[in-house]
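Participant: Provided herewith is a single structure, encoded as C-alpha coordinates, for subsequent inquiry.
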Amino acid sequence: MPLRDSFTYSFLIKAVSAAGVGPVRAVHSHVFKLGSVEDTFVGNALIDAYSKNGGFLDARKVFDEMPARDVVSWNTAMAAMVREGELSGARKMFDEMPERDTVSWNTMLDGYTKAGEVDAAFELFQRMPERNVVSWSTIVSGYCKKGDLEMARVIFDKMPSKNLVTWTIMVSACAEKGLVDEAGKLFAQMKEADVELDVASVVSILAACAESGSLSLGKRIHRYVRKRKLGRSTHVCNALIDMFCKCGCVNRADYVFDTETVEKDSVSWNSIIGGFAMHGHGEKALELFAQMKQQGFNPDAVTMINVLSACRHMGSVDEGRRYFSNMERDYGIMPQIEHYGCMIDLLGRGGLIKEAIDLIKSMPWEPNEVIWGSLLSACRLHKNVEYAEIAVNELSKLQPSNAGNFAVLSNIYAEAGQWSDMAKARMQMKGTGSQKTAGSSWVELDEAFHEFTVGDRKHPDSDQISEMVDRLSSHVKRAGCVPAGHELLVQ
(Lines give C-alpha, C1' and ligand atoms only; values in the text may rest on other atoms or scores of the structure.)
Protein backbone atom coordinates (compact mmCIF):
# COMPACT_ATOMS: atom_id res chain seq x y z
CA MET A 1 0.00 0.00 0.00
CA PRO A 2 1.47 3.41 -0.95
CA LEU A 3 2.47 5.77 1.85
CA ARG A 4 -0.17 8.34 2.68
CA ASP A 5 1.14 11.87 3.18
CA SER A 6 -0.43 14.97 4.70
CA PHE A 7 -1.85 16.11 1.34
CA THR A 8 -3.69 12.79 0.95
CA TYR A 9 -5.28 13.13 4.37
CA SER A 10 -6.15 16.78 3.75
CA PHE A 11 -8.05 15.88 0.60
CA LEU A 12 -9.70 12.92 2.33
CA ILE A 13 -10.90 15.12 5.20
CA LYS A 14 -12.28 17.66 2.75
CA ALA A 15 -14.06 14.88 0.82
CA VAL A 16 -15.75 13.34 3.87
CA SER A 17 -16.70 16.70 5.41
CA ALA A 18 -19.81 16.80 3.22
CA ALA A 19 -21.04 13.61 4.92
CA GLY A 20 -21.23 15.16 8.39
CA VAL A 21 -19.24 15.31 11.60
CA GLY A 22 -19.23 11.51 12.16
CA PRO A 23 -17.02 10.61 9.17
CA VAL A 24 -14.72 13.56 10.01
CA ARG A 25 -14.20 12.16 13.51
CA ALA A 26 -13.49 8.71 12.04
CA VAL A 27 -10.74 10.08 9.77
CA HIS A 28 -9.43 12.23 12.63
CA SER A 29 -9.09 9.12 14.80
CA HIS A 30 -7.25 7.31 12.00
CA VAL A 31 -4.73 10.08 11.35
CA PHE A 32 -4.21 10.50 15.10
CA LYS A 33 -3.14 6.86 15.39
CA LEU A 34 -0.69 7.31 12.54
CA GLY A 35 0.74 10.51 14.05
CA SER A 36 -0.26 12.70 11.08
CA VAL A 37 -2.60 14.87 13.13
CA GLU A 38 0.33 17.08 14.13
CA ASP A 39 0.79 18.11 10.49
CA THR A 40 -0.35 21.70 9.89
CA PHE A 41 -2.14 20.90 6.61
CA VAL A 42 -4.09 18.09 8.28
CA GLY A 43 -4.93 20.27 11.30
CA ASN A 44 -6.21 23.06 9.07
CA ALA A 45 -8.41 20.62 7.14
CA LEU A 46 -9.84 19.21 10.37
CA ILE A 47 -10.65 22.66 11.78
CA ASP A 48 -12.48 23.58 8.57
CA ALA A 49 -14.36 20.27 8.33
CA TYR A 50 -15.46 20.29 11.96
CA SER A 51 -16.59 23.93 11.92
CA LYS A 52 -18.71 23.45 8.79
CA ASN A 53 -20.52 20.50 10.38
CA GLY A 54 -21.44 22.00 13.73
CA GLY A 55 -18.39 20.58 15.52
CA PHE A 56 -17.16 23.92 16.81
CA LEU A 57 -15.71 22.52 20.06
CA ASP A 58 -13.85 19.82 18.10
CA ALA A 59 -12.46 22.49 15.77
CA ARG A 60 -11.30 24.62 18.69
CA LYS A 61 -9.66 21.59 20.36
CA VAL A 62 -7.72 20.78 17.17
CA PHE A 63 -6.53 24.40 16.92
CA ASP A 64 -5.49 24.57 20.59
CA GLU A 65 -3.50 21.31 20.32
CA MET A 66 -1.69 22.12 17.05
CA PRO A 67 2.06 22.22 17.65
CA ALA A 68 2.59 24.53 14.68
CA ARG A 69 0.13 26.98 13.15
CA ASP A 70 0.30 29.09 10.02
CA VAL A 71 -1.91 32.02 8.96
CA VAL A 72 -4.38 29.56 7.41
CA SER A 73 -4.80 27.86 10.81
CA TRP A 74 -5.64 31.17 12.47
CA ASN A 75 -7.96 32.24 9.64
CA THR A 76 -9.82 28.91 9.63
CA ALA A 77 -10.26 28.91 13.42
CA MET A 78 -11.38 32.54 13.38
CA ALA A 79 -13.88 31.81 10.58
CA ALA A 80 -15.21 28.94 12.72
CA MET A 81 -15.82 31.33 15.61
CA VAL A 82 -17.55 33.83 13.34
CA ARG A 83 -19.74 31.04 11.96
CA GLU A 84 -20.64 30.06 15.52
CA GLY A 85 -21.55 33.66 16.38
CA GLU A 86 -18.62 34.01 18.80
CA LEU A 87 -17.71 37.45 17.49
CA SER A 88 -15.84 38.68 20.59
CA GLY A 89 -13.78 35.48 20.64
CA ALA A 90 -13.02 35.87 16.95
CA ARG A 91 -11.87 39.46 17.50
CA LYS A 92 -9.64 38.35 20.38
CA MET A 93 -8.08 35.74 18.11
CA PHE A 94 -7.68 38.34 15.36
CA ASP A 95 -5.83 40.65 17.75
CA GLU A 96 -3.56 37.80 18.89
CA MET A 97 -2.59 36.64 15.39
CA PRO A 98 1.20 36.77 14.84
CA GLU A 99 0.55 37.75 11.21
CA ARG A 100 -2.51 38.67 9.19
CA ASP A 101 -3.37 38.56 5.52
CA THR A 102 -6.33 40.03 3.62
CA VAL A 103 -8.41 36.94 4.41
CA SER A 104 -7.94 37.63 8.14
CA TRP A 105 -9.27 41.16 7.81
CA ASN A 106 -12.12 40.13 5.50
CA THR A 107 -13.22 37.38 7.89
CA MET A 108 -13.66 39.90 10.68
CA LEU A 109 -15.39 42.38 8.35
CA ASP A 110 -17.83 39.65 7.34
CA GLY A 111 -18.47 38.72 10.97
CA TYR A 112 -19.22 42.29 12.02
CA THR A 113 -21.50 43.03 9.05
CA LYS A 114 -23.49 39.80 9.48
CA ALA A 115 -23.95 40.68 13.16
CA GLY A 116 -25.23 44.13 12.17
CA GLU A 117 -22.19 45.89 13.68
CA VAL A 118 -21.40 47.87 10.55
CA ASP A 119 -19.67 50.77 12.31
CA ALA A 120 -17.22 48.34 13.94
CA ALA A 121 -16.64 46.79 10.52
CA PHE A 122 -16.00 50.20 8.98
CA GLU A 123 -13.51 51.08 11.74
CA LEU A 124 -11.62 47.88 10.89
CA PHE A 125 -11.97 48.56 7.16
CA GLN A 126 -10.27 51.94 7.57
CA ARG A 127 -7.30 50.28 9.31
CA MET A 128 -6.74 47.65 6.62
CA PRO A 129 -3.25 47.85 5.07
CA GLU A 130 -4.62 46.42 1.82
CA ARG A 131 -8.19 46.07 0.58
CA ASN A 132 -9.51 43.93 -2.20
CA VAL A 133 -12.90 43.91 -3.92
CA VAL A 134 -14.26 41.53 -1.23
CA SER A 135 -13.39 44.05 1.49
CA TRP A 136 -15.19 46.86 -0.32
CA SER A 137 -18.19 44.69 -1.20
CA THR A 138 -18.59 43.52 2.40
CA ILE A 139 -18.78 47.08 3.71
CA VAL A 140 -21.16 48.18 0.96
CA SER A 141 -23.38 45.18 1.72
CA GLY A 142 -23.27 45.94 5.45
CA TYR A 143 -24.52 49.50 5.03
CA CYS A 144 -27.17 48.35 2.55
CA LYS A 145 -28.52 45.84 5.06
CA LYS A 146 -28.49 48.54 7.74
CA GLY A 147 -30.59 50.73 5.45
CA ASP A 148 -27.95 53.45 5.17
CA LEU A 149 -27.89 53.61 1.37
CA GLU A 150 -26.27 57.03 1.41
CA MET A 151 -23.15 55.70 3.13
CA ALA A 152 -23.24 52.54 1.00
CA ARG A 153 -23.28 54.66 -2.15
CA VAL A 154 -20.38 56.82 -0.95
CA ILE A 155 -18.23 53.72 -0.39
CA PHE A 156 -19.46 52.14 -3.64
CA ASP A 157 -18.45 55.22 -5.64
CA LYS A 158 -14.98 55.20 -4.05
CA MET A 159 -14.27 51.59 -4.99
CA PRO A 160 -11.18 51.36 -7.21
CA SER A 161 -12.75 48.44 -9.08
CA LYS A 162 -16.21 46.88 -8.96
CA ASN A 163 -17.27 43.35 -9.78
CA LEU A 164 -20.65 41.80 -10.53
CA VAL A 165 -21.30 41.07 -6.85
CA THR A 166 -20.87 44.71 -5.82
CA TRP A 167 -23.04 46.03 -8.64
CA THR A 168 -25.74 43.49 -7.76
CA ILE A 169 -25.64 44.45 -4.06
CA MET A 170 -26.11 48.14 -4.85
CA VAL A 171 -28.79 47.73 -7.55
CA SER A 172 -30.74 45.25 -5.39
CA ALA A 173 -30.57 47.51 -2.32
CA CYS A 174 -31.93 50.51 -4.24
CA ALA A 175 -34.68 48.40 -5.82
CA GLU A 176 -35.68 46.93 -2.46
CA LYS A 177 -35.97 50.40 -0.93
CA GLY A 178 -38.16 51.57 -3.81
CA LEU A 179 -35.48 53.87 -5.26
CA VAL A 180 -36.41 52.80 -8.77
CA ASP A 181 -34.83 55.72 -10.60
CA GLU A 182 -31.53 55.24 -8.75
CA ALA A 183 -31.60 51.48 -9.30
CA GLY A 184 -32.32 52.01 -13.00
CA LYS A 185 -29.41 54.41 -13.40
CA LEU A 186 -27.06 51.98 -11.65
CA PHE A 187 -28.29 49.18 -13.89
CA ALA A 188 -27.56 51.31 -16.96
CA GLN A 189 -24.08 52.20 -15.62
CA MET A 190 -23.39 48.54 -14.98
CA LYS A 191 -24.17 47.69 -18.60
CA GLU A 192 -22.00 50.59 -19.77
CA ALA A 193 -19.15 49.12 -17.72
CA ASP A 194 -19.63 45.84 -19.67
CA VAL A 195 -20.57 43.94 -16.51
CA GLU A 196 -22.82 41.05 -17.52
CA LEU A 197 -25.45 39.76 -15.12
CA ASP A 198 -25.44 36.06 -14.32
CA VAL A 199 -28.30 33.89 -13.04
CA ALA A 200 -27.58 34.64 -9.36
CA SER A 201 -27.46 38.42 -9.85
CA VAL A 202 -30.65 38.46 -11.95
CA VAL A 203 -32.49 36.45 -9.29
CA SER A 204 -31.21 38.79 -6.56
CA ILE A 205 -32.35 41.96 -8.35
CA LEU A 206 -35.73 40.47 -9.27
CA ALA A 207 -36.27 39.43 -5.64
CA ALA A 208 -35.61 43.04 -4.59
CA CYS A 209 -38.07 44.30 -7.24
CA ALA A 210 -40.69 41.86 -5.92
CA GLU A 211 -40.11 43.04 -2.35
CA SER A 212 -40.70 46.71 -3.18
CA GLY A 213 -43.06 46.35 -6.14
CA SER A 214 -40.56 47.97 -8.54
CA LEU A 215 -42.33 46.84 -11.69
CA SER A 216 -40.57 49.13 -14.16
CA LEU A 217 -37.11 47.87 -13.19
CA GLY A 218 -38.44 44.31 -13.15
CA LYS A 219 -39.60 44.77 -16.75
CA ARG A 220 -36.16 46.08 -17.74
CA ILE A 221 -34.51 43.04 -16.18
CA HIS A 222 -36.99 40.84 -18.07
CA ARG A 223 -35.95 42.45 -21.38
CA TYR A 224 -32.30 41.96 -20.44
CA VAL A 225 -32.99 38.29 -19.63
CA ARG A 226 -34.59 37.76 -23.04
CA LYS A 227 -31.77 39.51 -24.86
CA ARG A 228 -29.04 37.55 -23.05
CA LYS A 229 -31.02 34.29 -23.20
CA LEU A 230 -30.84 33.87 -19.42
CA GLY A 231 -34.47 32.79 -19.47
CA ARG A 232 -33.40 29.21 -20.08
CA SER A 233 -32.67 29.07 -16.36
CA THR A 234 -35.60 27.82 -14.28
CA HIS A 235 -34.33 29.91 -11.35
CA VAL A 236 -34.59 33.10 -13.44
CA CYS A 237 -38.08 32.22 -14.72
CA ASN A 238 -39.25 31.48 -11.18
CA ALA A 239 -37.91 34.85 -10.02
CA LEU A 240 -39.73 36.58 -12.91
CA ILE A 241 -43.00 34.80 -12.07
CA ASP A 242 -42.68 35.77 -8.41
CA MET A 243 -41.81 39.38 -9.26
CA PHE A 244 -44.69 39.87 -11.72
CA CYS A 245 -47.15 38.27 -9.27
CA LYS A 246 -46.07 40.48 -6.39
CA CYS A 247 -46.15 43.56 -8.62
CA GLY A 248 -49.76 42.82 -9.62
CA CYS A 249 -49.09 41.57 -13.16
CA VAL A 250 -50.37 38.04 -12.76
CA ASN A 251 -51.18 37.67 -16.47
CA ARG A 252 -47.59 38.52 -17.38
CA ALA A 253 -46.43 36.01 -14.77
CA ASP A 254 -48.71 33.42 -16.36
CA TYR A 255 -47.14 34.16 -19.77
CA VAL A 256 -43.65 33.58 -18.38
CA PHE A 257 -44.85 30.36 -16.74
CA ASP A 258 -46.59 29.04 -19.87
CA THR A 259 -44.30 30.28 -22.63
CA GLU A 260 -40.83 30.98 -21.27
CA THR A 261 -40.29 28.42 -18.50
CA VAL A 262 -38.83 25.45 -20.34
CA GLU A 263 -38.30 23.22 -17.30
CA LYS A 264 -40.83 23.84 -14.56
CA ASP A 265 -40.16 22.72 -10.99
CA SER A 266 -42.23 22.80 -7.80
CA VAL A 267 -41.19 26.42 -7.18
CA SER A 268 -42.56 27.40 -10.61
CA TRP A 269 -45.95 25.82 -9.85
CA ASN A 270 -46.08 27.20 -6.31
CA SER A 271 -45.26 30.72 -7.51
CA ILE A 272 -47.95 30.85 -10.18
CA ILE A 273 -50.60 29.13 -8.04
CA GLY A 274 -49.79 31.51 -5.19
CA GLY A 275 -49.89 34.48 -7.55
CA PHE A 276 -53.39 33.73 -8.82
CA ALA A 277 -54.57 32.98 -5.28
CA MET A 278 -53.06 36.25 -4.00
CA HIS A 279 -54.95 38.28 -6.59
CA GLY A 280 -58.32 36.65 -5.94
CA HIS A 281 -58.34 34.26 -8.92
CA GLY A 282 -59.08 31.23 -6.79
CA GLU A 283 -60.62 29.09 -9.52
CA LYS A 284 -57.58 29.57 -11.77
CA ALA A 285 -55.27 28.73 -8.87
CA LEU A 286 -57.11 25.48 -8.17
CA GLU A 287 -57.15 24.66 -11.89
CA LEU A 288 -53.35 25.03 -11.95
CA PHE A 289 -53.12 22.89 -8.82
CA ALA A 290 -54.94 20.10 -10.66
CA GLN A 291 -52.57 20.50 -13.64
CA MET A 292 -49.58 20.35 -11.31
CA LYS A 293 -50.68 16.98 -9.98
CA GLN A 294 -51.50 15.69 -13.46
CA GLN A 295 -47.97 16.50 -14.61
CA GLY A 296 -46.45 14.44 -11.81
CA PHE A 297 -45.44 17.15 -9.34
CA ASN A 298 -46.08 16.38 -5.69
CA PRO A 299 -47.60 19.23 -3.67
CA ASP A 300 -45.57 20.43 -0.70
CA ALA A 301 -46.42 22.55 2.34
CA VAL A 302 -46.14 25.78 0.32
CA THR A 303 -48.48 24.44 -2.36
CA MET A 304 -51.14 23.69 0.24
CA ILE A 305 -50.83 27.16 1.77
CA ASN A 306 -51.51 28.58 -1.71
CA VAL A 307 -54.43 26.19 -2.26
CA LEU A 308 -56.03 27.11 1.08
CA SER A 309 -55.41 30.77 0.27
CA ALA A 310 -57.28 30.30 -3.02
CA CYS A 311 -60.20 28.78 -1.12
CA ARG A 312 -60.06 31.69 1.32
CA HIS A 313 -60.31 34.30 -1.46
CA MET A 314 -63.16 32.37 -3.08
CA GLY A 315 -64.97 31.91 0.22
CA SER A 316 -65.10 28.16 -0.48
CA VAL A 317 -65.35 26.91 3.10
CA ASP A 318 -66.30 23.31 2.27
CA GLU A 319 -63.51 22.94 -0.30
CA GLY A 320 -61.01 24.46 2.10
CA ARG A 321 -62.12 22.07 4.86
CA ARG A 322 -61.64 19.13 2.49
CA TYR A 323 -58.13 20.13 1.42
CA PHE A 324 -57.10 20.86 5.01
CA SER A 325 -58.50 17.60 6.41
CA ASN A 326 -56.96 15.43 3.68
CA MET A 327 -53.49 17.02 3.45
CA GLU A 328 -51.75 14.33 5.45
CA ARG A 329 -53.67 11.42 3.91
CA ASP A 330 -53.41 12.55 0.27
CA TYR A 331 -49.97 14.19 0.21
CA GLY A 332 -48.21 13.21 3.43
CA ILE A 333 -48.13 16.84 4.60
CA MET A 334 -48.68 17.54 8.29
CA PRO A 335 -50.58 20.84 8.67
CA GLN A 336 -48.32 23.59 10.00
CA ILE A 337 -49.33 26.78 11.78
CA GLU A 338 -49.51 28.60 8.41
CA HIS A 339 -52.12 26.11 7.17
CA TYR A 340 -54.12 26.56 10.37
CA GLY A 341 -53.87 30.32 9.84
CA CYS A 342 -55.39 30.04 6.35
CA MET A 343 -58.24 27.88 7.63
CA ILE A 344 -58.98 30.18 10.58
CA ASP A 345 -59.07 33.15 8.21
CA LEU A 346 -61.33 31.22 5.80
CA LEU A 347 -63.74 30.21 8.55
CA GLY A 348 -63.70 33.69 10.05
CA ARG A 349 -64.47 35.39 6.77
CA GLY A 350 -67.33 32.94 6.29
CA GLY A 351 -68.81 33.97 9.63
CA LEU A 352 -67.99 30.63 11.28
CA ILE A 353 -66.18 32.29 14.14
CA LYS A 354 -67.05 29.65 16.75
CA GLU A 355 -65.62 26.96 14.47
CA ALA A 356 -62.49 29.10 13.99
CA ILE A 357 -62.11 29.34 17.79
CA ASP A 358 -62.46 25.55 18.11
CA LEU A 359 -59.77 25.08 15.45
CA ILE A 360 -57.46 27.44 17.35
CA LYS A 361 -57.97 25.36 20.50
CA SER A 362 -57.14 22.16 18.59
CA MET A 363 -53.80 23.47 17.30
CA PRO A 364 -50.69 21.63 18.52
CA TRP A 365 -48.97 25.03 18.87
CA GLU A 366 -49.65 28.14 20.88
CA PRO A 367 -51.52 30.62 18.62
CA ASN A 368 -49.37 33.54 17.46
CA GLU A 369 -50.31 37.12 16.68
CA VAL A 370 -51.18 36.24 13.06
CA ILE A 371 -53.77 33.68 14.20
CA TRP A 372 -55.42 36.02 16.71
CA GLY A 373 -55.15 38.91 14.24
CA SER A 374 -57.08 36.88 11.64
CA LEU A 375 -59.78 36.14 14.20
CA LEU A 376 -59.99 39.81 15.19
CA SER A 377 -60.40 40.81 11.52
CA ALA A 378 -63.24 38.30 11.20
CA CYS A 379 -64.89 39.68 14.33
CA ARG A 380 -64.68 43.16 12.90
CA LEU A 381 -66.19 41.99 9.59
CA HIS A 382 -69.09 40.23 11.31
CA LYS A 383 -69.39 42.66 14.27
CA ASN A 384 -68.78 39.91 16.82
CA VAL A 385 -67.99 41.61 20.14
CA GLU A 386 -67.61 38.49 22.32
CA TYR A 387 -64.81 36.85 20.37
CA ALA A 388 -63.19 40.18 19.48
CA GLU A 389 -62.62 40.72 23.20
CA ILE A 390 -60.96 37.29 23.46
CA ALA A 391 -58.74 37.99 20.44
CA VAL A 392 -57.65 41.41 21.74
CA ASN A 393 -56.98 39.99 25.19
CA GLU A 394 -54.62 37.40 23.67
CA LEU A 395 -53.03 39.94 21.32
CA SER A 396 -52.34 42.30 24.22
CA LYS A 397 -50.17 39.55 25.77
CA LEU A 398 -48.27 38.97 22.51
CA GLN A 399 -48.11 42.62 21.39
CA PRO A 400 -48.42 44.74 24.55
CA SER A 401 -47.32 47.94 22.78
CA ASN A 402 -49.56 47.56 19.71
CA ALA A 403 -52.28 50.18 20.01
CA GLY A 404 -53.91 49.10 16.76
CA ASN A 405 -55.61 46.06 18.33
CA PHE A 406 -57.50 48.26 20.80
CA ALA A 407 -58.36 50.64 17.97
CA VAL A 408 -60.06 47.78 16.09
CA LEU A 409 -61.90 46.70 19.26
CA SER A 410 -63.01 50.28 19.84
CA ASN A 411 -64.52 50.40 16.33
CA ILE A 412 -66.32 47.10 16.89
CA TYR A 413 -67.81 48.46 20.13
CA ALA A 414 -68.87 51.63 18.31
CA GLU A 415 -70.65 49.70 15.56
CA ALA A 416 -72.45 47.67 18.25
CA GLY A 417 -73.45 50.87 20.06
CA GLN A 418 -71.51 49.92 23.21
CA TRP A 419 -70.23 53.43 23.86
CA SER A 420 -68.91 52.92 27.39
CA ASP A 421 -66.90 49.88 26.25
CA MET A 422 -65.64 51.92 23.30
CA ALA A 423 -64.38 54.59 25.70
CA LYS A 424 -62.60 51.95 27.79
CA ALA A 425 -60.93 50.51 24.68
CA ARG A 426 -59.77 54.00 23.70
CA MET A 427 -58.27 54.45 27.17
CA GLN A 428 -56.51 51.08 26.91
CA MET A 429 -55.19 52.12 23.52
CA LYS A 430 -53.65 55.25 25.04
CA GLY A 431 -52.29 53.18 27.91
CA THR A 432 -50.10 51.12 25.59
CA GLY A 433 -47.76 54.11 25.30
CA SER A 434 -47.74 54.01 21.52
CA GLN A 435 -49.95 55.23 18.74
CA LYS A 436 -51.44 53.25 15.91
CA THR A 437 -49.25 53.67 12.85
CA ALA A 438 -50.94 55.83 10.25
CA GLY A 439 -51.99 53.93 7.14
CA SER A 440 -50.23 54.77 3.91
CA SER A 441 -50.43 53.82 0.26
CA TRP A 442 -48.03 54.24 -2.61
CA VAL A 443 -48.11 54.01 -6.36
CA GLU A 444 -45.32 53.73 -8.95
CA LEU A 445 -45.59 56.20 -11.83
CA ASP A 446 -42.89 56.91 -14.43
CA GLU A 447 -40.32 54.89 -12.45
CA ALA A 448 -40.92 56.93 -9.28
CA PHE A 449 -42.78 56.03 -6.10
CA HIS A 450 -45.43 58.34 -4.62
CA GLU A 451 -46.45 57.66 -1.01
CA PHE A 452 -49.64 58.94 0.59
CA THR A 453 -50.25 58.95 4.34
CA VAL A 454 -53.48 59.85 6.14
CA GLY A 455 -53.58 63.59 6.75
CA ASP A 456 -50.27 64.20 4.96
CA ARG A 457 -50.28 67.17 2.56
CA LYS A 458 -46.59 67.10 1.65
CA HIS A 459 -47.06 65.76 -1.86
CA PRO A 460 -46.70 68.62 -4.40
CA ASP A 461 -49.91 67.57 -6.16
CA SER A 462 -51.94 66.95 -2.98
CA ASP A 463 -54.66 69.47 -3.91
CA GLN A 464 -55.31 67.91 -7.33
CA ILE A 465 -55.19 64.41 -5.78
CA SER A 466 -57.77 65.35 -3.13
CA GLU A 467 -60.00 66.85 -5.81
CA MET A 468 -59.81 63.64 -7.84
CA VAL A 469 -60.61 61.49 -4.76
CA ASP A 470 -63.69 63.65 -4.11
CA ARG A 471 -64.79 63.20 -7.74
CA LEU A 472 -64.29 59.42 -7.49
CA SER A 473 -66.31 59.35 -4.26
CA SER A 474 -69.15 61.15 -6.04
CA HIS A 475 -69.05 58.62 -8.90
CA VAL A 476 -69.10 55.74 -6.36
CA LYS A 477 -72.17 57.18 -4.61
CA ARG A 478 -73.97 57.72 -7.91
CA ALA A 479 -73.24 54.06 -8.75
CA GLY A 480 -75.28 53.04 -5.70
CA CYS A 481 -72.62 52.70 -3.01
CA VAL A 482 -72.72 54.50 0.28
CA PRO A 483 -70.03 54.65 2.97
CA ALA A 484 -70.82 52.51 6.03
CA GLY A 485 -68.14 52.63 8.71
CA HIS A 486 -64.91 51.64 7.00
CA GLU A 487 -66.47 49.86 4.04
CA LEU A 488 -68.49 50.61 0.92
CA LEU A 489 -71.63 48.50 0.78
CA VAL A 490 -73.66 48.10 -2.41
CA GLN A 491 -77.33 48.96 -1.86
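The values are calculated or read from the model by the stated rules, or taken from the named source; none is laboratory data. Keep in mind it's a predicted model, so treat the numbers as computed, not measured. All Cβ positions, glycine included, derive from the backbone under ideal geometry; neighbour counts span all protein chains shown.
Participant: When you look at Ala115, is it surrounded by fewer than 21 Cβ atoms within 10 Å (Cβ to Cβ), touching a Phe, Trp or Tyr at 6+ places or on another chain (Cβ under 7 Å) and among the hydrophobic types (A, V, I, L, M, F, W, C), yes or no?
Facilitator: Judged against the criteria, Ala115 is not a match.
Participant: Out of all the residues in the stretch 148-157, which are touching a Phe, Trp or Tyr at 6+ places or on another chain (Cβ under 8 Å) and free of Cβ contacts under 8 Å to residues at least 12 places away in the same chain?
Facilitator: The one that is touching a Phe, Trp or Tyr at 6+ places or on another chain (Cβ under 8 Å) and free of Cβ contacts under 8 Å to residues at least 12 places away in the same chain: Met151.
Participant: Right, something else. Scan (1) buried (at least 17 other Cβ atoms within 10 Å of the Cβ); (2) of a type in the set (A, V, I, L, M, F, W, C); (3) without any contact (Cβ under 8 Å) to a residue 12 or more places away in the chain for the single condition Ala183 breaks and write down its number.
Facilitator: (3) is the only condition that Ala183 fails.
Participant: To continue, here is another question. Condition first: closer than 22 Å to Gly54 by Cα and of a type outside the set (A, V, I, L, M). Now tell me which residues in the stretch 75-105 satisfy that.
Facilitator: If the condition is that a residue be closer than 22 Å to Gly54 by Cα and of a type outside the set (A, V, I, L, M), then Asn75, Thr76, Arg83, Glu84, Gly85, Glu86, Ser88, Gly89, Arg91, Lys92, Phe94, Ser104 are the ones that fit.
Participant: Moving on to the next point. Within the stretch 196-214, can you find the residues that are assigned to a loop (DSSP other than H, G, I, E, B) and buried (at least 18 other Cβ atoms within 10 Å of the Cβ)?
Facilitator: Within the stretch 196-214, Leu197, Gly213, Ser214 meet the criteria.
Participant: For residues in the stretch 295-324 being more than 26 Å from the chain's Cα centre (by Cα) and hydroxyl-bearing (Ser, Thr, Tyr), which is nearest to Lys284 (Cα to Cα)?
Facilitator: Result: Ser316.
Participant: Further question: Could you please tell me which pairs satisfy a Cβ distance under 6 Å, a separation of 6+ or placement on different chains, a first residue in the stretch 102-130 that is within 9 Å of Gly142 (Cα to Cα), and a second residue that is part of a helix (DSSP H, G or I) and basic (Lys, Arg)?
Facilitator: Final answer for the pair search is Val118/Lys146.
Participant: Follow-up. Report those helices (runs of 4 or more DSSP H) wholly inside the stretch 277-385 carrying at least 2 residues which are under 30 Å from Val250 (Cα atoms).
Facilitator: In the stretch 277-385, 282-294, 301-314, 317-331, 337-349, 369-382 are the helices (runs of 4 or more DSSP H) which contain 2 or more residues that are under 30 Å from Val250 (Cα atoms).
Participant: Next up: Of all residues in the stretch 335-356, which are among the β-branched types (Val, Ile, Thr) and out of contact with any helix residue (DSSP H, G or I) (no Cβ under 6 Å at 6 or more places or on another chain)?
Facilitator: Within the stretch 335-356, just Ile337 meets the criteria.
Participant: Filtering the stretch 228-276 down to residues that are more than 20 Å from the chain's Cα centre (by Cα) and not in a helix (DSSP H, G or I), which residue is nearest to Val199 (Cα to Cα)?
Facilitator: Going through the qualifying residues, I end up with Ser233.
Participant: Okay, moving on. Given the structure, is Val71 under 28 Å from Tyr143 (Cβ atoms) and free of Cβ contacts under 8 Å to residues at least 40 places away in the same chain?
Facilitator: So Val71 fails the test.
Participant: Among the residues of the stretch 21-39, is there at least one that is at pLDDT 65 or above, over 26 Å from Gly116 (Cβ atoms) and under 31 Å from the mean Cα position of the chain (by Cα)?
Facilitator: Among the residues of the stretch 21-39, at least one is at pLDDT 65 or above, over 26 Å from Gly116 (Cβ atoms) and under 31 Å from the mean Cα position of the chain (by Cα), which makes the answer yes.
Participant: List the residue pairs whose Cβ atoms are under 7 Å apart, where the first residue sits in the stretch 408-429 and is of a type outside the set (S, T, N, Q), the second is part of a helix (DSSP H, G or I) and at pLDDT below 75, and the two are 6 or more positions apart or on different chains.
Facilitator: Note: pairs meeting the criteria are Tyr413/Asp421.
Participant: Conditions: (1) within 23 Å of His313 (Cα to Cα); (2) modelled with pLDDT of 95 or more. Met278 meets all but one. Number of the miss?
Facilitator: Among (1) within 23 Å of His313 (Cα to Cα); (2) modelled with pLDDT of 95 or more, Met278 violates only (2).
Participant: Could you run through the stretch 366-389 and say how many residues are β-branched (Val, Ile, Thr) and surrounded by fewer than 17 Cβ atoms within 10 Å (Cβ to Cβ)?
Facilitator: Qualifying residue count, the stretch 366-389: 2.
Participant: Which of the following residues is closer than 18 Å to Asn270 by Cβ, out of contact with any strand residue (DSSP E or B) (no Cβ under 8 Å at 6 or more places or on another chain) and not hydrophobic (A, V, I, L, M, F, W, C): Asp345, Asp358, Asp300?
Facilitator: Asp300 is the lone residue from the list that is closer than 18 Å to Asn270 by Cβ, out of contact with any strand residue (DSSP E or B) (no Cβ under 8 Å at 6 or more places or on another chain) and not hydrophobic (A, V, I, L, M, F, W, C).
Participant: Another question, if that's okay. Can you tell me which of Asp48, Asp58 is at pLDDT below 85, closer than 26 Å to Glu117 by Cα and buried (at least 17 other Cβ atoms within 10 Å of the Cβ)?
Facilitator: Unique residue meeting the criteria: Asp48.
Participant: On the given criteria, is Pro98 outside any helix (DSSP H, G or I) and modelled with pLDDT of 85 or more?
Facilitator: Taking the combined requirement at face value, the residue satisfies it.
Participant: OK, next. Conditions first: (1) within 13 Å of Ala208 (Cβ to Cβ); (2) surrounded by fewer than 17 Cβ atoms within 10 Å (Cβ to Cβ); (3) polar (S, T, N, Q). Ser172 passes all but one, so which condition is the exception?
Facilitator: Every condition holds for Ser172 apart from (2).
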